[in-house]
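What follows is a single structure, written as structure tokens, with notes after it.
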Amino acid sequence: MAGTDEDAVAAADDALYVLTAVLLTPAKFPSALGDDYPEACAALGLPPLADGYGLVLGQDGEGARWTVVIDDVSLVAVAIASWDCGMEYDLSPDERTVVAALPGWPLAVAVAAPGVPAPHDPAPELADGPALCPPDTSTWGPAQRRLGADEIALQWALWREQIDDAEFAPSRESKAGALAAAVGADRAGSADRADGDHGAEHSGGTSAPGGTSGSGGSGEDPGPSGVAGAARTRGAAASPGNGTDAPQGHSGIRRVLAEVRAYVDTPPPLGRVRSSFAPGEARTLRADGPGWSLVARTDDIAFVLLDDEPGEVLPVGRGPELPGLLEALDKMAVRPL
């Protein structure tokens, strides 16, 4: 396993200023790292344990970036919940729970520990392998597509209000470009969200003091800001089950719906389909696959994002078939404990 060298663990653990933390579990992992839980674990060189991990991102006394992997998932979950509520929480994992100390950060962190040098990768002699770095989200691709889906799930109401069910027709451009920019600005201005690995991913709130040595740090959203700002909806999706399954025979949506249906019959890798809380009796569903992401509410419509269509968000109307498909997905989806 990468990063298990005792000296590296000690170097990160002796004086780690915690900046944020995220969960890496089948039901909640940073989406930027992969389409499913095993893929996200592989990005860090970790085996996909059933109970998952907690990732603690911080700096050592020299300012070097470290990602400390612990197996005390509940501790990280409590810390994240406290930060989400604006409460201070001293995240100080017991050294017995440390699985690995990995050089670098796998996600972008916009803050730095006070009183230490600016964030930088550890010296090679302290690291067991190359330093982690966030996925490239400067151009449209799998990482940005998944993070865009996280943003839609987080801001569902804002995206949903752009869609008139009576107007599922081709060539209807919505005003979602401006909305997306507003969503991105709102995210950038907030110290926390919550997905996602987002998100995106959970992170520390306005303050996340504490460290593995009792040092203080500030929590921050580890995901890049304004991911959804590059996306726009295109009113080109009809209701599935109407004989075409997709708008004007849209091949991308037809492929996504076919692969989603296949998931029901043959379960995909763990975490490809996840179910989370939504208002009322509904659930928010996230499904990912090669080149696509789907976000849906079990009582509503779905949105599809494709690698092949940069920045486009394709709505899929409810119709007679989608409700049953979403219900089947929810039954087989992974849920947070």
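Yes/no matrix, rows are residues, columns are (1) modelled with pLDDT of 95 or more; (2) hydrophobic (A, V, I, L, M, F, W, C); (3) buried (at least 21 other Cβ atoms within 10 Å of the Cβ); (4) assigned to a loop (DSSP other than H, G, I, E, B):
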position: A21; (1), (2), (3), (4): yes, yes, yes, no
position: P26; (1), (2), (3), (4): yes, no, yes, yes
position: D35; (1), (2), (3), (4): yes, no, yes, yes
position: A40; (1), (2), (3), (4): yes, yes, yes, no
position: P47; (1), (2), (3), (4): yes, no, no, yes
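Is there a residue being surrounded by 15 or more Cβ atoms within 10 Å (Cβ to Cβ) and either part of a strand (DSSP E or B) or assigned by TED's automatic domain parsing to the domain that holds L33 (or both) anywhere in the range 259-267?
no
Could you tell me whether V99 is outside any loop (DSSP other than H, G, I, E, B) and either at pLDDT below 95 or in the same structural domain as L24 (by TED's automatic domain parsing) (or both)?
yes
Just checking, how many residues over the range 21-42 are small (G, A, S), out of contact with any Lys or Arg (no Cβ under 6 Å at 6 or more places or on another chain) and within 27 Å of Y89 (Cβ to Cβ)?
Taking the range 21-42 as the starting set, the residues that turn out to be small (G, A, S) are 21, 27, 31-32, 34, 40, 42.
Cutting the leftovers down to out of contact with any Lys or Arg (no Cβ under 6 Å at 6 or more places or on another chain) gives us 21, 32, 34, 40, 42.
From what is left, the residues that are within 27 Å of Y89 (Cβ to Cβ) are 21, 32, 40.
Counting residues in the range 21-42 that are small (G, A, S), out of contact with any Lys or Arg (no Cβ under 6 Å at 6 or more places or on another chain) and within 27 Å of Y89 (Cβ to Cβ) gives 3.
Results for (1) at pLDDT 90 or above; (2) part of a helix (DSSP H, G or I); (3) hydroxyl-bearing (S, T, Y); (4) closer than 30 Å to E312 by Cβ, shown as yes or no for each residue.
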| position | (1), (2), (3), (4) |
| --- | --- |
| L75 | yes, yes, no, no |
| G86 | yes, no, no, no |
| Y89 | yes, no, yes, no |
| A157 | yes, yes, no, yes |
| A181 | no, yes, no, yes |
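Given the conditions (1) surrounded by 23 or more Cβ atoms within 10 Å (Cβ to Cβ); (2) of a type outside the set (A, V, I, L, M); (3) in a loop (DSSP other than H, G, I, E, B), report the number of the one that G58 does not fulfil.
With (1) surrounded by 23 or more Cβ atoms within 10 Å (Cβ to Cβ); (2) of a type outside the set (A, V, I, L, M); (3) in a loop (DSSP other than H, G, I, E, B) applied to G58, the lone miss is (3).
The values are calculated or read from the model by the stated rules, or taken from the named source; none is laboratory data. Just so it is clear, the model here is predicted, and its values are computed rather than measured. Cβ coordinates were reconstructed from backbone atoms using ideal geometry, including for glycine residues, and neighbour counts include every protein chain displayed.
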